[in-house]
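Written out below as C-alpha cells is the structure these notes cover.
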2 protein chains.
Amino acid sequence: MSYDDPPSRTPAGDAFTALVVQVLRLNGHLTAAGDALARPAGQTSARWQVMGVVEHGPATVAQVARALGLARQSVQRIADLLEGDGLAEFIPNPADRRAALLQLTVAGRAALRTIQTAQRAWADALGAEIGEDALRQASEVLARVAEVVASRGYGER
Amino acid sequence: MSYDDPPSRTPAGDAFTALVVQVLRLNGHLTAAGDALARPAGQTSARWQVMGVVEHGPATVAQVARALGLARQSVQRIADLLEGDGLAEFIPNPADRRAALLQLTVAGRAALRTIQTAQRAWADALGAEIGEDALRQASEVLARVAEVVASRGYGER
DNA sequence: CCGCGAACGACAGTATCCTGTCGATCCGCA
DNA sequence: TGCGGATCGACAGGATACTGTCGTTCGCGG
C-alpha cells in the first residue's frame, strides 16, 4: 500500500468536493468583479453589500450582519467607514438603546445608484450568456448546500 | 419617478445576481467548515489547500497559485509558514534558479492524511444528502460562470 | 550572442473577515 | 418586580488575500 494514496470518497462525495472547489475559486473572481463595479463610485464590494441591505430602510449592524451571513464585527467596521465617508449615518433606535440604526445619506444613495447601474449591465450580460434556468437551478443547489453545511457543519461541532 | 427605485435587471440578470449572492455567502460557510476540518491537524483551510496541490509532486509557488486561482504572494506566505512548521520544504529547481520547488515533508504528508480522512467523511455525508447529479450540474454551471467572469470580467477592463 | 520583455520571489502596505472578551442593555420567566 | 440568559457594540488580535514595486533570473528573438 502506497504511502500517499488518498482516502477515497464516494461519487457523491467527489461531486460535493468539486463543487466546494468551484465555489472557493469563484468567490475570488466575484469579489474582484464586485470591487471593479464599485470602484467608479469610490467604493468596494463589502461597502456596497452593506449599503444594499439598508437601501430600503434602516437596520442595526447586527441585522445587516445576519442578512449578509457575516460576523457582526465585520459589518460594524464597514458601517463605521461608511459613516466616516458621509455615505451613511447612525440614528437612534427607539426600540433598543444599544443598537443604533444605520441609514443611507443622500450621498450614500447616489453612490449606491451609480454602482447598481453598472451592476445591472454586468449581471444582465453575463446572465444572458449562462442562461436563466441553469443559474436558478445552480442557485437552488447552493442554497441547499449552504443550509446543510450550516446546520450540520463539520461533524458534531 | 421615485428617488430610490433600483435599476431593474432582466430575469437572467436577476438569476445571475442571486447566484452571486449564494456563492459569496456559501464561501464563508465553506471556509469555516474547512478550518474545522483542518483544525485537528493543527492546520487551516488555506494551508490544507496548498498542501493538496503539492501532494502528488513538488511545484513552484507560482504554479500552486495558478492551480488555486490565487495571487502568488498569498501562496508564498502560506508556503513559508508550512516550511516554518516543518510540513513542507523548498528544494532547488534545476529548471529555474529563482523558483524553488515546494515539497511535502513526512510530517506534512501525515497532517494532510489526517485532514483528508476527516474531509472524506464530511464530503460523503453532505454529498449524499444533496445528490450527486445536482452537485455535478451546479458545479458545471459555476465553472462556466467562473470562465465568463474571468474572461469578460467587468465591462472592458 | 546579446538584450529586453516576461516570470518569479521579496517586501511593504491595505482590505476583509474571524474569534474572543467585556460591559451595557434587553427581554422572558419565575 | 427582579434575575439571568441572550443580544449588542467596543476593543484587541490574528488569518487570509490583493496590489504595487523592486531586483533577479529566464528565455526568446534579432
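Each reported figure results from applying straightforward, stated rules to the coordinates on display, with no laboratory input. The shown structure was predicted, so the numbers you read here are calculated from the model rather than taken from an experiment. Every residue, glycine among them, receives a Cβ derived from its backbone with ideal geometry; neighbour counts consider all protein chains shown.
Odds and ends about this structure:
- Taking all C-alpha pairs of the protein assembly as shown, those more than 23 Å from each other amount to 63 percent.
- Local charge for A:D80 was computed over the other residues whose Cβ lies under 13 Å away, with Lys and Arg +1 and Asp and Glu -1, and equals 0.
- Value of Rg to Rh for the range B:1-93, rounded to two decimals, is 1.21; Kirkwood radius and Rg both from alpha-carbon coordinates.
- Gyration tensor verdict on the range A:29-137 (Cα atoms; rounded if a/c is under 1.5, prolate if a/b is larger than b/c, oblate otherwise): prolate
- Plainly put, the tip 7 Å out from Cα toward Cβ on A:T44 is 1.7 nm from that tip on each other copy, the closest given first.
- Simple spin-label estimate for A:A62 and B:R72 in nanometres, 7 Å along Cα-Cβ: 4.7
- Inter-copy spacing of B:P11 label points, which lie 7 Å from Cα along Cα→Cβ, given in nm from shortest upward: 3.3
- The sum of -39500 (n - 2.57) across all DSSP H runs of n ≥ 4, divided by the residue count of chain A, sets its helix-only mean residue ellipticity at 222 nm to -22500 deg cm²/dmol.
- Label geometry 7 Å along the beta-carbon vector: A:A107 inter-copy distances in nm: 5.2
- Placing pseudo-labels 7 Å out from each Cα toward the beta carbon at B:R98 and B:T114 gives an inter-label distance of 3.7 nm.
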